[in-house]
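I have placed the structure first, in the form of structure tokens, so that the comments after it can refer back to it.
The values are calculated or read from the model by the stated rules, or taken from the named source; none is laboratory data. The structure displayed is predicted, hence computed values, not measured ones. Cβ placement follows ideal geometry from the backbone for every residue including glycine, while neighbour counts extend to all protein chains displayed.
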């Protein structure tokens with residue numbers, strides 16, 4: 001017998017019943033798909049704070065507990081014991097790869113990382129100094145002109161090929177977008193390098209393969225740098241039905257090309273309330289200027305009459321410490337020690353963190369440091385320019401978007417996204 005919930009309309013004294021759908025983790029869900037046909041009314045949920053738009057087996061979040069799992073595996077385990085490519089394989093195949101599977105997956109992504117030569121000409125049409133996110137979104141949409149057959153995908157082999165192609169090419173397009181923005185020649189992927197190292201190579205190298213000198217004066221990519229960025233990719237790989245993922249699923253519901261759907265996700269991610277937040281964190285740290293100024297800005301953040309808002313604190317879902325932020329906090333400390341960093345911005349950030357984690361104002365409002373607070377500081381410490389913070393988020397999140405797209409396409413019960421409204425006009 002199904003569990004149900006009853007609702008009585010006091011105006012008409014009519015009672016309506018709706019099924020309760022059981023979740024394997026997290027809250028159960030009331031099925032209100034028949035709400036309009038039964039009652040003649042719509043539900044109102046501004047910002048979809050209490051609405052489940054789909055069924056999914058990919059990612060689970062428990063905000064009050066500060067828990068995040070991919071395919072049932074805790075993010076702490078994945079970040080500490082597995083690579084980003086293993087995480088990608090997990091999301092796409094529902095299980096971690098064995099040694100042979102990982103090697104084959106890695107080699108395939110390396111060889112697919114090259115882009116069609118004609119696509120390179122697209123960048124010449126963009127103005128100098130264009131933001132890499134705008135260029136990346138356009139270039140990703142342009143991929144659909146080279147792989148238009150993906151509209152006809154109908155089997156697992158086709159889904160896997162499509163997914164692996166976009167995962168492998170996004171870092172190349174992101175690197176090209178950055179180099180175009182600074183007027184530097186493109187550096188092609190080096191298939192002898194790993195996924196994450198290759199991206200750092202493409203944004204740092206000179207023509208001929210020579211590297212510019214890094215943050216410690218050496219002209220090579222260090223293992224700790226690769227590990228740090230690989231961890232950031234893993235932490236960003238998926239995050240349930242956030243704004244950009246919901247955008248990807250919404251575009252997918254129209255039957256649009258998968259790479260166009262990914263392009264729409266990139267555009268949604270660019271917003272400062274979403275993936276662009278880590279850029280805002282660094283801009284604010286630069287504005288604060290020094291450790292001596294932190295107390296004054298903390299006071300402003302607590303002043304109800306001041307519009308100043310401390311960036312990088314609080315989260316729409318997490319009402320506890322963001323588990324990804326905890327991991328990055330440890331990574332930040334490791335980087336500081338292993339690379340002997342003396343980062344001015346890192347010192348300011350650490351002072352803000354020190355105050356906020358002890359201040360009742362922040363604690364009572366669940367304003368803990370989030371992933372954006374730490375990721376921006378770490379990327380800055382790695383010598384990565386602010387304009388590339390959100391493209392790096394894109395690289396990590398692409399596997400989540402395409403996995404969500406595949407899940408949507410395989411669900412025969414899904415319909416075109418069409419929310420309703422509360423009309424208040426004339």
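Looking at (1) farther than 18 Å from residue 232 by Cβ; (2) in a helix (DSSP H, G or I), find the lone condition where residue 334 falls short.
Unmet condition: (1).
Do we have any residue at all in region 82-95 that's within 30 Å of residue 368 (Cβ to Cβ), surrounded by 15 or more Cβ atoms within 10 Å (Cβ to Cβ) and either without any contact (Cβ under 8 Å) to a residue 24 or more places away in the chain or assigned by TED's automatic domain parsing to the domain that holds residue 325 (or both)?
For region 82-95, residues within 30 Å of residue 368 (Cβ to Cβ), surrounded by 15 or more Cβ atoms within 10 Å (Cβ to Cβ) and either without any contact (Cβ under 8 Å) to a residue 24 or more places away in the chain or assigned by TED's automatic domain parsing to the domain that holds residue 325 (or both): present.
Kindly list the number of the only condition in (1) within 21 Å of the chain's Cα centre (by Cα); (2) within 14 Å of residue 16 (Cβ to Cβ) that fails for residue 67.
It fails just one condition, (2).
Is at least one residue of region 289-310 assigned to a helix (DSSP H, G or I), assigned by TED's automatic domain parsing to the domain that holds residue 376 and under 25 Å from residue 75 (Cβ atoms)? Walk me through how you get there before you give the answer.
First, the residues of region 289-310 that are assigned to a helix (DSSP H, G or I): 291-302.
From what's left, assigned by TED's automatic domain parsing to the domain that holds residue 376: 291-302.
Retained after the next criterion (residues that are under 25 Å from residue 75 (Cβ atoms)): none.
No, because not a single residue in region 289-310 is assigned to a helix (DSSP H, G or I), assigned by TED's automatic domain parsing to the domain that holds residue 376 and under 25 Å from residue 75 (Cβ atoms).
Would region 184-194 turn up any residue that is within 28 Å of residue 228 (Cβ to Cβ), out of contact with any strand residue (DSSP E or B) (no Cβ under 7 Å at 6 or more places or on another chain), free of Cβ contacts under 8 Å to residues at least 60 places away in the same chain and surrounded by 19 or more Cβ atoms within 10 Å (Cβ to Cβ)?
No - not one qualifying residue is present in region 184-194.
Just give me the residues in region 176-197 being assigned to a helix (DSSP H, G or I) and under 12 Å from residue 120 (Cβ atoms), in sequence order.
176, 177, 179, 180
When you go through (1) surrounded by 20 or more Cβ atoms within 10 Å (Cβ to Cβ); (2) out of contact with any strand residue (DSSP E or B) (no Cβ under 6 Å at 6 or more places or on another chain); (3) in a helix (DSSP H, G or I); (4) not assigned by TED's automatic domain parsing to the domain that holds residue 160 one by one for residue 398, which number turns out not to apply?
Of the numbered conditions (1) surrounded by 20 or more Cβ atoms within 10 Å (Cβ to Cβ); (2) out of contact with any strand residue (DSSP E or B) (no Cβ under 6 Å at 6 or more places or on another chain); (3) in a helix (DSSP H, G or I); (4) not assigned by TED's automatic domain parsing to the domain that holds residue 160, the odd one out for residue 398 is (4).
Show me the helices (runs of 4 or more DSSP H) found entirely inside region 79-167 where at least 3 residues are closer than 24 Å to residue 393 by Cβ, under 19 Å from the mean Cα position of the chain (by Cα) and modelled with pLDDT of 95 or more.
Passing ranges, in order: 84-93, 132-146.
Any residue at all in region 268-286 that is at pLDDT 90 or above, in a helix (DSSP H, G or I) and within 30 Å of residue 151 (Cα to Cα)?
yes
Quick check on my filter: what residues within region 33-53 are farther than 15 Å from residue 9 by Cα and part of a loop (DSSP other than H, G, I, E, B)?
Across region 33-53, the qualifying residues are 33, 34, 44, 45, 49, 50, 51, 52, 53.
What number of residues in region 53-74 are surrounded by 17 or more Cβ atoms within 10 Å (Cβ to Cβ) and touching a strand residue (DSSP E or B) at 6+ places or on another chain (Cβ under 9 Å)?
Of the residues in region 53-74, 10 are surrounded by 17 or more Cβ atoms within 10 Å (Cβ to Cβ) and touching a strand residue (DSSP E or B) at 6+ places or on another chain (Cβ under 9 Å).
Look through 60, 44 and report the one residue that is in contact (Cβ under 8 Å) with a residue 24 or more places away in the chain and farther than 30 Å from residue 227 by Cα.
44
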